[in-house]
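What follows is a single structure, written as structure tokens, with notes after it.
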Amino acid sequence: MSIAKIKIEKGLIVWALLLGVSFGMVCWYGCQFLKQFYIYKTLTAETPAQVTAWGIDKVKEGEFIVYAKYTYWLNEQAFTGTTAFKKITFTNQLAAKEHLQNWKADNWITYYNPKKPSISTLQRPFPLKILLHMLIGIAVSIYFLYLKRYLAAFRVA
């Protein structure tokens, strides 16, 4: 077996590993996107909410998030829920409290599932970041598939 053929075989193994990792990433982000998109699509109904309590949670050192406990009414039945605003983080508790003062004055809307009204939230963000990660993974996978064709041109017969 020649040295060139051994190098080609090692290259194919590395290629297969890289393709597998990129495809695994696409599958992981695809599943995460489908799960969050399903939640996004099922929370279609909305009604005014009355926020009953605000709070600040420490996620880790130097990272704080705000959460809200709220109540909303449907057909004279009260539902309660809690929403943690994880997309907006603060470096200290004072900054979170300052931001919280602006939110307390706002009117809030509850997004809920009309088939199961107990499932609700105060925010309904589209999972754009996960979608972008999935699309980047697809692009990387396509690149590695093209790379296979490129490597095949150098294969020793």
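Quick notes
- Pair list, Cβ < 7 Å and 6+ apart or interchain, from the stretch 35-53 residues that are within 17 Å of L128 (Cα to Cα) to residues that are modelled with pLDDT under 95 and open to solvent by 40 Å² or more (accessible area, probe 1.4 Å): Y40/R124; Y40/F126; L43/R124
- T89, sole failed condition from (1) of a type outside the set (D, E); (2) in contact with a strand residue (DSSP E or B) (Cβ under 6 Å, 6 or more places away or on another chain); (3) exposed (fewer than 14 other Cβ atoms within 10 Å of the Cβ): (3)
- Check on K129, within 18 Å of the chain's Cα centre (by Cα) and either in a strand (DSSP E or B) or closer than 30 Å to V21 by Cα (or both): yes
- Here Y67 passes the criteria (1) over 21 Å from K129 (Cβ atoms); (2) open to solvent by less than 70 Å² (accessible area, probe 1.4 Å); (3) assigned to a strand (DSSP E or B) except the one numbered (1).
- Of note, Y72 satisfies the criterion of being among the hydroxyl-bearing types (S, T, Y), surrounded by 14 or more Cβ atoms within 10 Å (Cβ to Cβ) and more than 17 Å from N102 (Cα to Cα).
- Any hit, the stretch 48-63, residues being loosely packed, with under 13 Cβ neighbours inside 10 Å, touching a His at 6+ places or on another chain (Cβ under 9 Å) and not in a helix (DSSP H, G or I): no
- For the stretch 140-152, filtered to residues that are open to solvent by less than 60 Å² (accessible area, probe 1.4 Å) and in contact with a Ser or Thr (Cβ under 9 Å, 6 or more places away or on another chain), the residue that is farthest from A16 (Cα to Cα) is V140.
- The one condition from (1) at pLDDT below 95; (2) open to solvent by less than 60 Å² (accessible area, probe 1.4 Å); (3) more than 25 Å from L128 (Cα to Cα); (4) outside any helix (DSSP H, G or I) that A4 does not meet is (4).
The values are calculated or read from the model by the stated rules, or taken from the named source; none is laboratory data. As the structure is a prediction and not an experimental result, all values here were calculated from the model. Glycine also receives a Cβ, built like all others from the backbone with ideal geometry; neighbour counts cover every protein chain displayed. To get the accessible areas, we keep the full protein, side chains included, count just its heavy atoms, and leave off ligands, DNA and RNA. Shrake-Rupley method; radii C 1.70, N 1.55, O 1.52, S 1.80 Å.
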